[in-house]
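Peer 1: Dropping the structure in here first, questions after.
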Amino acid sequence: VQLQAFGGGLVQAGGSLRLSCAASGRTFSSYNMGWFRQAPGKEREFVAAISWGGGSTYYADSVKGRFTISRDNAKNTVYLQMNSLKPENTAVYYCAARSDLPNAWDQYGMNYWGKGTLVTVSS
């Protein structure tokens, strides 16, 4: 499956952005999807994930209550709505797919990655 994230940009602290990840290729609806981010000088970290049917969602503690992941299998797209953004949320955001549903989400178990989209939050 091929993935492409977009929707990043520059936003002031407290603002919102919605990222999208468009998928093509193999059956998108059979994959569990995740969002990860990598800030300068830091390791890539898990942000949020959603099961193949959308019935289960998972979040990093740092984004709970502010970020919402969703998907539209008819459009082969997964979204990340980001509210109340903070400067520390500045990073390149990546979407990724995996065929199984893990007990814990991390970058090492993902099968496919898209190119990232840069989110910059100014103070």
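Peer 1: Could you list, ordered by first residue, the pairs with Cβ atoms under 7 Å in which the first is in segment 89-100 and farther than 17 Å from Ser20 by Cβ and the second is part of a loop (DSSP other than H, G, I, E, B) and among the small types (Gly, Ala, Ser), at least 6 apart or interchain?
Peer 2: Thr90/Ala39
Peer 1: A follow-up question, please. Need the failing condition index for Ala104 against (1) over 15 Å from the mean Cα position of the chain (by Cα); (2) modelled with pLDDT of 95 or more, just the number.
Peer 2: (2)
Peer 1: If you don't mind, another one. Would you call Tyr108 open to solvent by 40 Å² or more (accessible area, probe 1.4 Å) and assigned to a helix (DSSP H, G or I)?
Peer 2: Answer is yes for this residue.
Peer 1: Here's a follow-up. Please tell me if Leu10 is among the hydrophobic types (A, V, I, L, M, F, W, C), more than 22 Å from Tyr112 (Cβ to Cβ) and surrounded by 13 or more Cβ atoms within 10 Å (Cβ to Cβ).
Peer 2: Criteria not met by Leu10.
Peer 1: With respect to the numbered conditions (1) in contact (Cβ under 8 Å) with a residue 24 or more places away in the chain; (2) open to solvent by less than 40 Å² (accessible area, probe 1.4 Å); (3) over 25 Å from Ser123 (Cβ atoms), which one is the sole condition not fulfilled by Gln4?
Peer 2: Gln4 satisfies all of (1) in contact (Cβ under 8 Å) with a residue 24 or more places away in the chain; (2) open to solvent by less than 40 Å² (accessible area, probe 1.4 Å); (3) over 25 Å from Ser123 (Cβ atoms) except (2).
The values are calculated or read from the model by the stated rules, or taken from the named source; none is laboratory data. Every value quoted in this text rests on a predicted model; they were computed, and no experiment measured them. Methodologically, a virtual Cβ is constructed for each residue, glycine included, from the backbone with ideal geometry; neighbour enumeration extends over all protein chains shown. These area figures cover heavy atoms from the full protein model, side chains too; ligands, DNA and RNA do not enter into them. Shrake-Rupley method; radii C 1.70, N 1.55, O 1.52, S 1.80 Å.
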